[in-house]
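The values are calculated or read from the model by the stated rules, or taken from the named source; none is laboratory data. From a predicted model like this one, the values you see are computed outputs, not experimental measurements. No Cβ is skipped: glycine too gets one built from the backbone with ideal geometry, and neighbour counts run over all protein chains shown. Heavy atoms of the whole protein, side chains included, go into the accessibility calculation; ligands, DNA and RNA do not. Shrake-Rupley method; radii C 1.70, N 1.55, O 1.52, S 1.80 Å.
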Amino acid sequence: MPHLRCFALLSVLSEFLERSAFAAELLMKSIALKSLLRKGLLAAGILALLQSSLPAQVPMEPERARLLNGLRVLIWSRPGDQDVFLKLRIHSGAAFDLAGKGGSMALLGDILFPDPTTREYFTEEMQGRLNVTTNHDSLTITMQGRAREFERIVEILRTALVTPQLTPENVAKVREGRIKVIKETAISPAMLADRAIAARLFGDFPYGRPYGGSVESLERIERPDLMLARERFLSPNNATLIVIGGIQSNRAMRALRQLLGIWRKSEQVVPATFRQPSAPDARTLIVNSPADQSVEVRLALRGFNRQDADSPAADLLTVLARQRWINKLPELAKSPVYVRHEAFALPGMFVLGTSVDNLLAGKALASAKEVMQSLASSPVSAAELEQAKNEAIALANKELSNADGISAAWLDSDTYGLPSVAERMRALSAISSSDIQRAASRLVRDNAFASVVVGNADVLKAQIERYGKVESMGEIVPKTEPRVESRSELKTNNNVKPQIKTPPKPE
């Protein structure tokens, strides 16, 4: 039976080969699958890397609504979130304070929630917060608490807006409280320099005053002033409300219509129109503050308003100017250095600031001016621009990562009439080297620099004078009056007394 054995052997061998082929096929498929997975993972990694270099991740568009009284509402519903965040912005700020009564809008913000127990309710019972802030262009109320207490939060907001407690007692209380804070708050040399450069650049223009006013200006504010400010600016058609958190939009709108719908609208919204300030004094102002060996240095130019097409380029220019300033004067690497573009409803301020040893003050000022002129005279390199964009995008990502940043970005759209957040981020990414140079050229076009140094005047005056004229704060230049000679002392050029004729009498 050898042939049968041979046949059986061939059958076993054939089955083995078939199984081997199947195993080989499985092996090849497994290898292909692993390769595909590796490629997929690689593609995902590349995609993630690309996404990390893209502009800030802009939050999705909010749901928009408007109450009958004109209040604009933006809502982001976050199912499952236990908290709710509200931010109401009045689109008028300290720029509208009456002359000589700076701090009026800040006082109005203080008096909206005069009872300390209201703030304690938010911080202690709801583990949230309640605060009111004021700047030149707006007054903003921020409220954060439990989502289940949403109606209660809106009710507290309604009481503040619709029936503010503008009693003589409350006005006196909040005024004295703000004056006390100003008196007790130590003004650092850096803060003094920031205030001095704003006043130097803007003079009597509203942007030259601090938001919260001064002791002198606050003492002039009376109850009728706050009532007038409330009547002119505290209206729903001059405001925008943002709601973010664990609340459905239909529930939010129902509560807002019931509680804020009775907030009376204003017949007319007061526009931000002011006479532009005069050109700043070209001399460097020295503010005597001989506390130690350091000195605060500030150099400023008129900036752009928020709607200006070059305002985003100016924001990017701050990063470039700061790096160039440090490169030009390496000693600044060990010092606090900042460059800011403070843009408002009207043209603001582009300012460079640092704190250095008093022997470096003159060099710091001169190099800051040279940096701005160099940015205007020649285009920046591609590497510089790319680095600046990366820094700006990283900062934008950080700001848009929380409710405060998201709400501030969207509220700016209403306050300043800006495009959406997504469009602004795309505009930031599209800024070119020529855009940067154009913005810098516009900033330095009139060469209207304002400069301030705060430090030991005895040491600073001699070294600052090497770079230009100076003025010391409090220094009174004697006024020379032309000498008026008496009639009998009048002489002609040849020392002969003049013949003084009397006019003939009329006939």
Output the residues belonging to the stretch 263-318 that are more than 19 Å from residue 415 (Cβ to Cβ), among the hydroxyl-bearing types (Ser, Thr, Tyr) and open to solvent by less than 50 Å² (accessible area, probe 1.4 Å). 284, 289, 294, 318
Any chance residue 194 is charged (D, E, K, R), modelled with pLDDT of 95 or more, within 18 Å of residue 106 (Cα to Cα) and open to solvent by less than 60 Å² (accessible area, probe 1.4 Å): no
(1) under 30 Å from residue 403 (Cβ atoms); (2) free of Cβ contacts under 8 Å to residues at least 60 places away in the same chain; (3) touching a Leu at 6+ places or on another chain (Cβ under 8 Å): which one isn't true of residue 129, the others all being true? (3)
Residue within the stretch 166-183 that is within 29 Å of the chain's Cα centre (by Cα), among the acidic types (Asp, Glu) and either buried (at least 20 other Cβ atoms within 10 Å of the Cβ) or under 28 Å from residue 415 (Cα atoms) (or both) present: no
Tell me the residue from 466, 426, 442 that is open to solvent by 90 Å² or more (accessible area, probe 1.4 Å), at pLDDT 50 or above, of a type outside the set (A, V, I, L, M) and outside any loop (DSSP other than H, G, I, E, B), please. 426
Given the condition assigned to a helix (DSSP H, G or I) and open to solvent by 70 Å² or more (accessible area, probe 1.4 Å), answer yes or no: does some residue in the stretch 344-362 qualify? yes
So how many residues does the stretch 445-463 have that are assigned to a loop (DSSP other than H, G, I, E, B) and open to solvent by less than 50 Å² (accessible area, probe 1.4 Å)? 3
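Conditions (1) acidic (Asp, Glu); (2) part of a loop (DSSP other than H, G, I, E, B); (3) touching a residue at least 12 places away in the same chain (Cβ under 8 Å); (4) open to solvent by less than 50 Å² (accessible area, probe 1.4 Å), marked per residue:
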| residue | (1), (2), (3), (4) |
| --- | --- |
| 65 | no, no, yes, yes |
| 70 | no, yes, yes, yes |
| 79 | no, yes, yes, no |
| 98 | no, yes, yes, no |
| 108 | no, no, yes, yes |
| 122 | no, no, yes, yes |
I'd like to check something: does the stretch 129-142 contain any residue that is open to solvent by less than 30 Å² (accessible area, probe 1.4 Å), part of a helix (DSSP H, G or I), within 27 Å of residue 78 (Cβ to Cβ) and modelled with pLDDT of 95 or more? no
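Looking at the structure I just gave you, is residue 89 out of contact with any Pro (no Cβ under 7 Å at 6 or more places or on another chain), at pLDDT 95 or above, among the charged types (D, E, K, R) and in a helix (DSSP H, G or I)?
So residue 89 fails the test.
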Yes or no: the stretch 148-162 includes at least one residue that is part of a helix (DSSP H, G or I), crowded, with 17+ Cβ neighbours inside 10 Å, modelled with pLDDT of 95 or more and basic (Lys, Arg). yes
Pairs with Cβ under 9 Å, 6+ apart, first in the stretch 402-414 and closer than 15 Å to residue 135 by Cβ, second among the hydrophobic types (A, V, I, L, M, F, W, C) and assigned to a helix (DSSP H, G or I): 412/421
The stretch 427-443 residues that are hydroxyl-bearing (Ser, Thr, Tyr), paired with ones that are in a helix (DSSP H, G or I) and surrounded by 14 or more Cβ atoms within 10 Å (Cβ to Cβ) (beta carbon under 9 Å, 6 or more apart): 429/389; 429/393; 432/313; 432/385; 433/384; 433/385; 441/375; 441/376
If only one of 324, 298 is charged (D, E, K, R) and under 24 Å from residue 433 (Cβ atoms), which one is it? 324
Being outside any helix (DSSP H, G or I) and surrounded by 14 or more Cβ atoms within 10 Å (Cβ to Cβ) is the filter here; which residues of the stretch 386-419 pass it? 400, 418
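Please report, ordered by residue number, the helices (runs of 4 or more DSSP H) entirely within the stretch 175-247 with at least 3 residues that are in contact with an Asp or Glu (Cβ under 6 Å, 6 or more places away or on another chain).
Of the helices (runs of 4 or more DSSP H) lying wholly inside the stretch 175-247, those with at least 3 residues that are in contact with an Asp or Glu (Cβ under 6 Å, 6 or more places away or on another chain) span 189-202.
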Residue within the stretch 68-83 that is at pLDDT 50 or above, in contact with a strand residue (DSSP E or B) (Cβ under 6 Å, 6 or more places away or on another chain) and among the acidic types (Asp, Glu) present: yes
